[in-house]
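Visitor: The structure follows.
Every number here is computed from the coordinates shown, using simple stated rules; none is lab data. What you are looking at is a predicted structure, and each value in this text was computed from that prediction instead of being measured. Here the Cβ positions follow ideal geometry from the backbone for every residue, glycine too, while neighbour counts run over all protein chains shown.
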Amino acid sequence: MPFAIESTALLLPVSQIEDLRLASSMLSGEERRAFQAAMALKYCEGNARQAERVFGWGRETVQLGLHEHRTGILCVGAQAAFGGKRLWEEQHPEVAHALWALADSHSQQDPTFRTSLQYTRLTAAEALKQLRARGFPEDHLPSPSTMAEVLNRNGYRLRKVIKAKPQKNFPKPMPFLPTSPTRMDSP
């Protein structure tokens, strides 16, 4: 069985090193750093350079994990602080609640009851017009295209509601016509 030989590291089988690399790759962030620090303490005497040689991990990551382990203070990346733009509904919840009440008053269930979608006659432009009439400031209201996305994202489909389709008037079948299904051919 092949072994990874390091002067100060324990003799570890290559399969175990591969398993530890795989386990580390399944984790992310502070969990990965904590795992790498624990393995560096256990197998490499807390030496980040040796952990880099044995396991192939970045020594800066292992060193940061060792510092987090030693101090108990976790480092937070900038991704959490700058994680993208929030949704309009999260930025303006009071306007969003008024929009949901407005959309609920103009919507109805799918007539076939096959889906849980609510169809509405309320267009994005009309929704904006009614929200302006309720006194919401213009800087709190989105553009018409964003309003359509907001309504679609929350289950309101901007389609014309069909109350009932009138049936076509078909002529009554006449028994003397050759295409009539009631006529019986005699042999």
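Visitor: For each of TRP88, TRP57, count neighbouring Cβ atoms within 10 Å of the residue's Cβ, then give the residues from fewest to most. Please list the in-between numbers first.
Guide: Details: TRP88 20, TRP57 23.
By the 10 Å Cβ count, ascending: TRP88, TRP57.
Visitor: Another question, then. Using Cβ counts within 10 Å as a stand-in for footprinting exposure, how do ILE73, ILE17 rank, fewest first?
Guide: Taking fewest neighbouring Cβ atoms as first place, the list is ILE73, ILE17.
Visitor: How far apart, in nm, are two points set 7 Å out from the Cα along the Cα-to-Cβ line at ALA101 and at GLU126?
Guide: 1.9 nm
Visitor: At 7 Å along the Cα-to-beta-carbon direction for both PHE82 and SER145, put a label point, then send me their distance in nm to one decimal.
Guide: Each label point lies 7 Å from its Cα, and together they span 2.6 nm.
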